[in-house]
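What follows is a single structure, written as structure tokens, with notes after it.
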């Protein structure tokens, strides 16, 4: 039987803006200074790589995610995507009693909200929405 990922693994921020892809990437990078657990890991053409460290140890990575940004049809489109994550669930006598939850998901969600807000400040006509499957 294949193991199902946590539903939170499908969460993403989707952005459409008139800002340039470079500016969106710069905003995302600058925003890490406001989130002490979110770290810039590097960048490739059209992709910025981030990680979120464990609350217990700075060196332990709880989440790795990317922001993919591209210009299409006169607009810049961007989306976050979880690449790696650790998860947990409550158990009683080794029997799972709760849905799987991604460790440090709250920090990831807060970063997505912060990025959406920052994009809206620079481009009020932009659209930014977090898609988040319901946990169940």
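Computed over the chain, the per-residue total of -39500 (n - 2.57) for DSSP H runs of n ≥ 4 gives a 222 nm mean residue ellipticity of -7000 deg cm²/dmol, rounded to 500. Of the residues 108, 85, the one with the fewest other Cβ atoms within 10 Å heads the list, and the complete ranking is 85, 108. Based on Cα contacts under 8 Å between residues 6+ apart, the chain shows a relative contact order of 35 percent.
For residue 49 and residue 86, a Förster radius of 25 Å and the Cβ-Cβ distance give a FRET efficiency of 0.90, rounded to the nearest 0.05.
Sorted largest first, the spans of the alpha carbon positions of the chain along the three principal axes are 55, 29, 25 Å. Extension gain for residue 34-residue 131 works out to 32.7 nm (0.36 nm per residue, less the C-alpha to C-alpha distance). Helix 105-122 and the long axis of the chain differ in direction by around 10°, with both axes built from C-alpha atoms.
Maximal additional length on extending the residue 3-residue 121 stretch stands at 38.4 nm, based on 0.36 nm per residue less the C-alpha distance.
We did not get these values from a lab; they are worked out from the coordinates using the rules stated. None of these values were measured; they are calculated from a predicted model. So basically every Cβ, Gly included, is an ideal-geometry build from the backbone, and we count neighbours across all protein chains shown.
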